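Here the structure comes first, spelled out in structure tokens, and everything after it is commentary.
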Amino acid sequence: IADDDTLRQRLADDVSTFLEQMEGVEDVDRDDKPGKSQIKVDIDYDKLAQFNLSVGDVAQYLRVAYDGDVVTSIRQQEEDVGFRVLLNREARMKLDQLESLSIPNRQRKLIPMKEFSTLVETPGPSGFRHFDGSRSITVDAGIGKNVNITPLKAMQEIQSHFDLEKDYSGAQLE
């Protein structure tokens, strides 16, 4: 458990490796498997300011590009039908299309995303887990038959092996 992503990941990696090497422990698993891919937008804030754009402007246009925006509606048989504008599916799947997405600044000049940002496709999280309000990763394992270890003893060995204060300050094991 740790709010620092790097620290939490490192501790979970180390605990998993320790468990895999422990005699009698099998089927080590964790709940932080990657989910669907996501696009990370790294913004150069100095360039963004030079183009007279804000992070809010970028967020708004990305939201419209991916989720769409209802621009008008018509009434059909006592039901309002909205018309949503968004990038087509193929364009939403290609980084180069997103890099060329242009956002109007306050002077109504269109500025392509690639002028002030870098886009990188990364694996996304499958979900975010929390324990008492802090981000967490659960590492679990099974105990084999006819072995001389119990789940309680395995946890005690983990807690005595890892010096959280020294090597993982800010993290905790539960």
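The values are calculated or read from the model by the stated rules, or taken from the named source; none is laboratory data. These numbers were taken from a predicted model, which means no experiment stands behind them. Positions of Cβ are generated from backbone atoms using ideal geometry, with glycine treated the same way; all protein chains shown enter the neighbour counts. Keep in mind that these areas ignore ligands, DNA and RNA; they rest on the heavy atoms of the full protein, side chains included. Shrake-Rupley method; radii C 1.70, N 1.55, O 1.52, S 1.80 Å.
Details
- With the simple model of a label 7 Å out from the Cα in the direction of the Cβ, residue 70 to residue 36 spans 2.2 nm.
- Taking label positions 7 Å along the Cα-Cβ direction at both residue 13 and residue 43, the computed distance is 3.0 nm, reported to one decimal.
- Among the chymotrypsin sites (Phe, Trp or Tyr not before Pro) in the range 85-174, those placed in a DSSP loop whose Cβ has at most 15 other Cβ atoms within 10 Å are 128.
- Spatial separation of Cα centroids for the range 1-60 and the range 114-159, in angstrom: 12
- Cα long-axis angle, helix 55-67 against the chain (0 to 90 degrees, to the nearest 10): 90
- Modelled FRET efficiency - R0 25 Å, residue 85 with residue 122, Cβ distances, 0.05 increments: 0.35
- Angle between the chain longest axis and helix 151-161 axis [Cα atoms, degrees, rounded to 10]: 80
- Area projected by the alpha carbon convex hull of the range 113-170, averaged over all directions, nm²: 8.0
- Reported label for calculated semi-axes √(5λ) of the Cα gyration tensor in Å given (1) 32, 18, 14; (2) 43, 17, 15; (3) 47, 22, 14: (3)
- As a calculated quantity, the FRET efficiency between residue 138 and residue 100 at R0 = 45 Å, using C-beta atoms, amounts to about 0.65.
- Solvent-accessible surface ranking, highest first, for 10, 108, 63, 89 at 1.4 angstrom: 108, 89, 63, 10
- Compared with the dominant Cα axis of the chain, that is its longest principal axis, helix 5-21 is turned about 40°.
- Remark: the residue 109-residue 77 segment gains 7.4 nm on full extension, using 0.36 nm per residue and subtracting the alpha carbon distance.
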